[in-house]
Every structure is written in structure tokens, then in C-alpha cells.
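Novice: Encoded as C-alpha cells, here's the structure I'll be asking about.
Just so it is clear, none of the values below were taken in a lab; they were calculated from the coordinates. The structure presented is a predicted model; accordingly, all values stated were derived computationally and were not measured. Note that we place each Cβ from the backbone using ideal geometry, even for glycine, and neighbour counts take in every protein chain shown.
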Amino acid sequence: METVAPYKEIIDVIKESGGEAFKLCFQCGLCDAVCPWNRVINFSMRKLVREATFGLTDIESEEMWRCTTCGKCPQQCPRDVKQIESGVALRRIATEYGVFPTAVKPIRTISGSLVGEGNPLSEERAKRANWAEGLSVKTFTEGMEVLYFPGCYLSYDPRLKKVAVATANILNLAGVDFGILGAKENCCGESIRKTGDEDVFKLLARENIKTFIDNGVKKILVSSPHCYHTFKNEYPEFMVKFEVIHISQYLFELINEGRLELTKEYGKKVTWHDPCYLGRHNGIYDEPREVLKKISGLELNEMPESREDSLCCGGGGGRIWMETPKGERFSDLRLEQAVGIGAEVLVTSCPYCITNFEDSKLTLDVGEGIEIKDITEIIQESI
Ligand code: SF4
Ligand code: SF4
């Protein structure tokens, strides 16, 4: 049965989140032309916009949960229809009604884990710093140069813990005075916000902000572009401002300041994947490429879609927590692009991208043909 959310409520929520722009849409369809979903299935942001304008949104449909918030259609839209903000506003209505289609149901468990343990992975809060055992990583104290905030996936996920370890090793070698918050660190809340759960986002953000202030944090180093985005662009909504730097930018600085010396050859063909929240959402394209170019022996080649045109891995907007059937995964297409240009290593710097590419590598059966690496793992091998 189709549930039509009341017209007034949809419009109110959309207005509240800056999405009044829906009615500016003149149905040109450019959004659909650039949306990566249309490489794999039929999906129409234009239709969602049209339906919302007339209060006809079917909140039980999976369609409004598809957008990965990749940022491609807002970049193209001639009428500045804020598709991401407005799409999230629709999800907020569904969340308030408690209506989740089957593919979206895991989000309920994830919200519970975020509230209870501060991470989406149903892991224990007390084990958050276990990745750092034996690595001479200190607890952050006021006056240290930088707080390292690895985020949830690098703290718990077996594949991504290797990235946190590589980062800590690099920072130690460069003589950076850094610390971590361990069990006091919470999920940044970026992705749960994009699923429409504003209450859980606010809870996580407020707790993190209090912890940062109580511990005298001024500068935060992050591994995830999602943490970067929310700390830099969304936490200021709470009247706070911290200096935020992504690891790819920090590596660039450390190398240029002569604190990090790259001494070993890395004789492989590499391609850089721009994560949506590093590139399109925050304009960081050059630093990771400059870092890679400084490695002796490394050959850097671009994929057909790069920088502003980068192809989304499919993990943003909370999609990392939803099941995407084989044949509908953008990460498969991206991996094929990397293999297509002869890359031996697909390098990026985002936990969602790495998770999706590693999955694609298994299901596409490209075997040993290509490695998936975080930029820190390549630097670790080059020092
Ligand atoms: S690109 Fe903008 S104006 Fe064109 S259909 Fe999409 S939302 Fe509407
Ligand atoms: S933001 Fe990206 S995934 Fe979402 S509708 Fe636009 S192009 Fe598609």
C-alpha cells in the first residue's frame, strides 16, 4: 500500500533543511543524466523532486534511500535545487514515522549501536583503541600538536585497522606530537545524519564537541573524508570551530616541511580515486596526487572519470550500511576503470571506498590483478 506523507509536513521539513529549492526544479533531467545509479538501474532524482514538490512522496519506497549524496547532480543542476539536503529531509520524515523498506532496515540496529557504543559496527566502546596496542600511541592531552581521530572503521574493521596502524607509524616516524581519544571518541555522525536520523547525529556531535573542548583539542587529523566533512562543515552549526586536516593534506605538509623523507622505490602503476567527500564536497584534489608524485618509481595515471567527475564508490549517504545487489554496485564499475587503465594499485583515502573496492575485488574476480590501498599504506612502504 502506498503511503503518501502529508503535503504540509513534507514541505515544512524540506523548508527547515534549506530544501525549499525543490520548487525551482524545471524538470530538465540533467541530474538523472549524471547520476551514477543510471549506469546500473533506472533511477530518477528528477522524479523524486517532482513528487516531493506536490507532496506525493511514497515514504515506503526504496527510491528515496538510493542517493549516495555523491554531489554530482548538485554540481550540474542549473536551478540550484539542493537535491542532497532535500533528499535527506525526506528521509527524516520516514525516520520520524519509523518507516524503513527492507534494504534500509539495518539502519535501526546501527542507530542503536551508535547510541549505545558510539560506533555503527556493534563493537564495544572499551575496545576502540585496541588497534593502537604496542604502537607507542599516547592518549591525547592538551598542548599536543594534533589529535588523531581515526574514526569507527579504522578503529574496528580488520582491513581498515591496517590504515590506522600505518598512520600512527608515519606520525611517529615524522616526530609528530599526537594523541588519540580512544574510548572517549564517538562516531562523527556524518553518515547517520544523511540517513535522516538527526537526533542521533546531534547526540554524537554534542558528545564529541564536549570531549574536544574538555580535552583542549584545537587541531584534528582525520583519516575519513566523512569525519572531515562533518567536523569542518557541520559541527560549526553548534557554534564551535576546530582546525581539521585530512591525512592526505597532512602527508603533503609533512613531506614539504622535510619531516617525512621518502627513501624507498615504489615501482608500481597507481591510480588515485577521489572520494566524493574529499573531492567534490571539499575540493581536495591536488594534495594526494602531489604526495603520490613524490614517491620514486611510482607511475600515477588518471582514470577516465577523475577529480570533479570522479565516480562514486556507492558508500555515502548511509548506503555503506545497506545491501546493494551485485550488478548495481558503482564500485564494480570504478574497479573496472582502474583495471582498464592498467593500474596495479587503486589508491584512495576513505574507509567506505576501501571497503567497497575490496568487496568488488572479491566479487569481480580480478584476483591478484589489482591491489586496493590507502595512501598511508603506500607512504609506509616508501619510507
Ligand atoms: S538538474 Fe535540477 S532543475 Fe534539472 S531536473 Fe534535476 S533537480 Fe530539476
Ligand atoms: S547526489 Fe549523486 S547519487 Fe544522489 S541523486 Fe545526485 S547524482 Fe545521484
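Novice: Please compute P(r) over all alpha-carbon pairs of the chain, binned at 20 Å starting from zero, and give each bin as a whole-number percent.
Specialist: 28, 58, 14, 0
Novice: Could you work out how far helix 83-97 tilts from the main Cα principal axis of the chain, as a 0 to 90 degree angle to the nearest 10?
Specialist: Once rounded, the angle reads 70 degrees.
Novice: Using the count of nearby Cβ atoms within 10 Å as a rough guide to exposure, how do Trp131, Trp321 rank from fewest to most?
Specialist: Trp321, Trp131
Novice: To the nearest 20 Debye, how big is the dipole of the chain about its Cα centre, given +1 on the beta carbon of each Lys and Arg and -1 on that of each Asp and Glu?
Specialist: Rounded to the nearest 20 debye, it is 340 debye.
Novice: State whether the stretch 270-349 is rounded, prolate or oblate according to the following rule on the C-alpha gyration tensor (a ≥ b ≥ c being the square roots of its eigenvalues): a/c under 1.5 gives rounded; otherwise a/b larger than b/c gives prolate, and the remaining case gives oblate.
Specialist: Oblate, since a/c reaches 1.5 and b/c is not below a/b.
Novice: Also, quick follow-up: Take the Cα radius of gyration of the stretch 7-103 and divide it by 2.2 N^0.38 Å, with N its residue count; two decimals is plenty.
Specialist: The stretch 7-103 yields a ratio of 0.99.
Novice: If you fit an axis through the alpha-carbon atoms of helix 7-16 and take the longest principal axis of the Cα set of the chain, what angle between them do you get, 0 to 90°, nearest 10?
Specialist: Once rounded, one gets 30 degrees.
Novice: Take Asp286 and Arg259, extend 7 Å from each Cα along the Cα→Cβ direction, and tell me the distance between the two endpoints in nm.
Specialist: So the two model labels end up 2.1 nm from each other.
Novice: Taking the Cα centre of the stretch 215-280 as origin and charging only Cβ (+1 Lys, Arg; -1 Asp, Glu), how large is the dipole, in debye to the nearest 20?
Specialist: Roughly 100 debye, rounded to the nearest 20.
Novice: With Cβ to Cβ distances under 10 Å as the rule, what net charge do the other residues near Ser191 carry (K, R +1; D, E -1)?
Specialist: +1
Novice: What order do you get for 85-98, 305-318, 343-356, 45-58 when each peptide is scored by the mean count of other beta carbon atoms within 10 Å, highest first?
Specialist: Ranked by mean Cβ neighbours within 10 Å, highest first: 343-356, 305-318, 85-98, 45-58.
Novice: Now for a separate question. Quick check: the angle from helix 351-364's long axis to the longest principal axis of the chain, C-alpha only, nearest 10 degrees?
Specialist: On a 0 to 90 degree scale, this one is about 80.
Novice: Can you tell which of Ala338, Trp37, Gln75 lies farthest toward the positive end of the dipole of the chain, using +1 and -1 charges on the Cβ of basic and acidic side chains (Lys, Arg; Asp, Glu)?
Specialist: It is Gln75, whose Cα lies furthest towards the positive end.
Novice: If I take R0 = 51 Å and measure r between the Cβ atoms of Arg307 and Glu145 in this structure, what FRET efficiency does the formula 1/(1 + (r/R0)^6) give, to the nearest 0.05?
Specialist: 0.95
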